[in-house]
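See structure below.
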Amino acid sequence: MSCYARTACHDWLLAARLLRSAPLSLPRKTDTQTPVRRARGPALLTTITDRLRHLCYSCACMCMFSRRVERVSDTSIYARVTGNHQILIYEMRLRSETPVAMVLPLPTRRENEDAVSFIDLSGYATFFDDMRRCFSSPFTLSRKRPVAAAAGGILRVHRVGAFDASVVPSIGDFVRVDPRFRLPDDVWASVPGYDDYSFAVFQLASGEARVHPMAMRFETRRPDAIYFPTTHVHDGLVHPTAGFDHVLYAQFAAKTFGWKRSEIAPREVMDFGGVLKRDRTRGTVEPDIPISRRVLKGQLSNGDIWLRAARAAG
């Protein structure tokens, strides 16, 4: 069964469990309340909908952050494989009272700083706004173990548009990152599977803002699959399920249940420049290849997503 199929099945099973475990009657009478009746018919359906909406969105959804953040929403991720490399572009809306770092695990072929390179897309802040226009039926976005020290000095810091970024070759290399921008060491003990991953660390300012697209290119260990980093870490803890507010986009993806293929080519709606104007996508998007899209909303299985690639681009 595909990663997506498991996620979809889990979504329905989770909803069923929530309905069985959560009382479906309206609030009980208290000293300050008037009597209420058990919900029936349309009122029952409304109560179920409200209860599920509350359970799915009552806590802010987050990916991997070094410190607590108040809210993360409207997350968009684009990915495609090109030869032995994968392109990954990440955007979100963030609210944080303090400077924070976002950590993206990357399944690189080798643990080396040079295995990942950053692409500055600060000049194309509407990258995902334009990509959404590839689809004639739009959707509504929400608005709401101990680690040993590794050898080597402080990691290089790259200025990428409005933020600083670093490549962390392995978990052990996090000791070379500013302590303000590290995940707690015990997080990695509770998140298996990243022992041989590299990581992109983006240092983000405090406040509330829509973070412009963060783009990178890395040597992938799996040219036959497209990787999306969607594991959530909540306040230093990893839970079996997490609240999602994500839209995933891909090119050169195999047809997969749950993924919709765009009706409009990127060339028609995105800014690829011209004779006197440079390509604002910086070569990250193929102009004539359809976009595949998957919308993830609500409480879902907490983990990364892999999508089978149709073929690798040259």
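Some points to look at:
- Some residue of the range 273-281 being among the basic types (K, R) and either under 16 Å from the mean Cα position of the chain (by Cα) or on the phi > 0 side of the Ramachandran plot (or both): no
- Tally of residues being assigned to a strand (DSSP E or B), surrounded by fewer than 20 Cβ atoms within 10 Å (Cβ to Cβ) and not hydrophobic (A, V, I, L, M, F, W, C) across the range 186-211: 4
- Matching entry among V168, V177 (being buried (at least 20 other Cβ atoms within 10 Å of the Cβ) and at pLDDT below 85): V177
- Residue in the range 234-266 that is modelled with the highest pLDDT, counting only those that are touching a Phe, Trp or Tyr at 6+ places or on another chain (Cβ under 7 Å) and closer than 30 Å to A189 by Cβ: L248
- Residue list for the range 289-314, restricted to those being in contact with a helix residue (DSSP H, G or I) (Cβ under 6 Å, 6 or more places away or on another chain) and either under 14 Å from Q86 (Cβ atoms) or surrounded by fewer than 19 Cβ atoms within 10 Å (Cβ to Cβ) (or both): G298, I305, W306
The values are calculated or read from the model by the stated rules, or taken from the named source; none is laboratory data. Since the model is a prediction, treat every value here as computed from it, not as a measurement. Because the Cβ atoms are built from the backbone with ideal geometry, glycine has one as well, and the counts that use them run over all protein chains shown.
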